[in-house]
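All remarks here apply to the structure that follows.
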Amino acid sequence: MDIIPSNFIEQAVINDIKEKNLTKIITRFPPEPNGYLHIGHCKALCIDFLTAQKFGGITNLRFDDTNPAKEDEEYVNSIKEDISWLGFKWANIFYASDYYEFLYECAIDLIKQGKAYVCDLSADEVNATRGSLTEAGIESPYRNRSIEENLDLFARMRAGEFKDGERTLRAKIDMANPNINMRDPIMYRVLHTSHYRQGNKWCIYPMYDFAHPLSDAKEGITHSLCSLEFEDHRPLYNWFIENCRLIKPPYPRQIEFARLNIEGTVLSKRYLQELVKGGYVDGWDDPRMPTLSAFRRKGYPAEAIKEFCNRIGVAKSNSLVQPHILEACARDYLNANATRVMAVLKPIKVVLTNYPEDKEEVFYISNNPTIENSPKHEVIFSKELFIENEDFMEVPEGKFHRLKLGGVVRLMGAYIIRCDEIIKNDDGSIKQLNCSVVYDAQEQGIKAKGTIHWLSCKHAIKCKTRKFFNLLKEGETYQKGMLDKIINPNSMMEFDSYIEPFALTEDKAMQFVRMGYYIKDKNSTADVPIFNETVSLKDSK
RNA sequence: AGGGGUAUCGCCAAGCGGUAAGGCACAAGACUUUGACUCUUGCAUACGGUAGUUCGAAUCUACCUACCCCUGCCA
């Protein structure tokens, strides 16, 4: 009653509740198990689950597995895992393949009404007679078979009497309809392919346009939310629901929203499939992929991804979102929640000339200074340290107030040091910095304007860090068959880095390293964050 | 005979006839044991264009323009 809509879908739901007197809202998330979920699915997930939740309703997970050629158990497992990781809880889990018998009955009902017929045209012939965008189609010569003949033929289709493609069941609607979807769409095709759940029980399989609306209706879905490209299918969606007598009101309503696009990446299961199968990436969870499993592996919190979907909103205009919005969400979440650990991504060696050779000191550094009374953990200090390459400038420019020759800087949680000398390699690159601890900084009133992170060389854990850039080259958009030309060959860079041993004591090590990155490096590149693979952390040292 | 959509700041996006929310990005400043975080300030006389209706239009009408989707026995 006093629910304030935050987008046009919720507005529509409010209207429907009034008009149709709905008592409960039910939505569904209907993936086909033919690939892994990506961040675009998270947007759909948020819309499906959060809309229902807002009105006290429920959401079903339904696998739209009506094409046995593409589907697999591996994908249903990964989909369940990803949804659970995001924290969404489905009310029921259904499979369109469990509805095959019901759908078959619906088809029989339409045949009996003279609203569906068995067509003998080949695929090519169907295409040729469908007409074009500007011309009407031609009616199939089999369009006016008797109901008895249709019933017989359809039963024989199911019984396996025909080869693949030999016959189809079509809805008898209107070959001259300006909406091509309404030109006697195919409801069933013959496919002698084993289904990952049904085995060889069926050799005819329902098409999406037929199965989807009736599956929605069977489950009592009130709002069927999908992406914009299905707008043209809505009249057909309604046609099946209104004409099948096995379906009773209230009917589900399909509402469409714009799908997510992100700059520099490809967000289409089909193309991601191509990346995986073509060996352009190492798998569905390759860190360059926009899949949920890849984000999880990189250490992105689920909350950050959901917040991203919240921030970009829901509308009907095609948009191209900038990836730094996601980064901002990740930063916000990690800043408030993650344990921080020092990590030196590109090291420079610092030798403290006035610090005793074998001395070690323990300092305690807050796990997260934004959290009150956050626990601290110990970090060992010694004569030789690594600091971040970027934290030293031989020729300081502008307001640079980290370390420079002759200048002082604070080592976080430890001493203030002064840089006395730069030692170079033969090629002119910096080999090490000779510095001295300013023990009496306080007495002398010396204040360091900058603070930097550091690690004791002897105690730091060496590891590989990786930095990721866009999957696609700047300004390129994916086009089929062009992948090898536009995929960014430098989409991944590896560094030899160092982290605190403490990072290894936590299973969220990846996130900790990244936290250091964000804190230090927010402005530098940040297309995609650095992460650390647990494996390489453990294997190194 | 084509049909279906969408156009508001660099990028998202509110707005639903009463005189342009918010976020990200960006800029300036304050604070700071990470140049992060936090805080403060700035950032569309303007809503694709042109006409109209109205006291009043981003919101209504007409025409125009641009972009997206649709001719799988995929979903």
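The values are calculated or read from the model by the stated rules, or taken from the named source; none is laboratory data. This one's a predicted model, so the numbers in the text were calculated from it and none came from an experiment. So basically every Cβ, Gly included, is an ideal-geometry build from the backbone, and we count neighbours across all protein chains shown.
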Select the helices (runs of 4 or more DSSP H) contained entirely in the stretch A:292-340, then report the ones holding at least 2 residues which are touching a helix residue (DSSP H, G or I) at 6+ places or on another chain (Cβ under 8 Å) and over 24 Å from A:LEU504 (Cβ atoms). A:302-312, A:324-337
Taking the condition of being within 11 Å of RNA strand B (Cβ to nearest atom) and within 39 Å of the chain's Cα centre (by Cα), how many residues in the stretch A:98-130 meet it? 7
Output the residues belonging to the stretch A:9-31 that are over 16 Å from A:GLN254 (Cα atoms) and touching a Lys or Arg at 6+ places or on another chain (Cβ under 7 Å). none
Scan the stretch A:277-292 for residues that are crowded, with 19+ Cβ neighbours inside 10 Å and under 14 Å from A:LEU37 (Cβ atoms) and report the count. 5
Could you please find all residues in the stretch A:341-358 being in a loop (DSSP other than H, G, I, E, B) and more than 6 Å from RNA strand B (Cβ to nearest atom)? A:VAL341, A:LEU345, A:LYS346, A:THR353, A:ASN354, A:TYR355, A:PRO356, A:GLU357, A:ASP358
Please work out if A:ALA171 is more than 7 Å from RNA strand B (Cβ to nearest atom), among the aliphatic types (A, V, I, L, M) and free of Cβ contacts under 8 Å to residues at least 24 places away in the same chain. no
Count of the stretch A:70-87 residues which are more than 14 Å from the chain's Cα centre (by Cα) and either buried (at least 19 other Cβ atoms within 10 Å of the Cβ) or within 16 Å of RNA strand B (Cβ to nearest atom) (or both): 5
Taking the stretch A:11-33 only, how many residues are in contact (Cβ under 8 Å) with a residue 12 or more places away in the chain and within 9 Å of RNA strand B (Cβ to nearest atom)? 3
Matching residues in the stretch A:295-325 - criterion: being more than 10 Å from RNA strand B (Cβ to nearest atom) and aliphatic (A, V, I, L, M): A:ALA302, A:ALA304, A:ILE305
For the stretch A:463-477, enumerate the residues that are surrounded by fewer than 15 Cβ atoms within 10 Å (Cβ to Cβ) and not hydroxyl-bearing (Ser, Thr, Tyr). A:GLU474, A:GLY475
Given the residues A:ASN67, A:ASN92, A:ASN60, which is the only one that is buried (at least 21 other Cβ atoms within 10 Å of the Cβ) and touching a residue at least 24 places away in the same chain (Cβ under 8 Å)? A:ASN60
Which count do you get for residues in the stretch A:161-184 that are assigned to a loop (DSSP other than H, G, I, E, B) and in contact with a strand residue (DSSP E or B) (Cβ under 8 Å, 6 or more places away or on another chain)? 8
Conditions (1) touching a strand residue (DSSP E or B) at 6+ places or on another chain (Cβ under 6 Å); (2) modelled with pLDDT under 95; (3) farther than 20 Å from A:TYR498 by Cβ: number failed by A:LYS399: (1)
Name the single residue, out of those in the stretch A:271-319 being among the hydrophobic types (A, V, I, L, M, F, W, C) and touching an Asp or Glu at 6+ places or on another chain (Cβ under 6 Å), that is modelled with the lowest pLDDT. A:ALA294
If I go through the stretch A:152-196 residue by residue, how many of them are loosely packed, with under 14 Cβ neighbours inside 10 Å and touching a Phe, Trp or Tyr at 6+ places or on another chain (Cβ under 6 Å)? 0
Within the stretch A:217-263, the residues that are among the acidic types (Asp, Glu), within 9 Å of RNA strand B (Cβ to nearest atom) and assigned to a helix (DSSP H, G or I) are A:GLU229, A:GLU231, A:ASP232
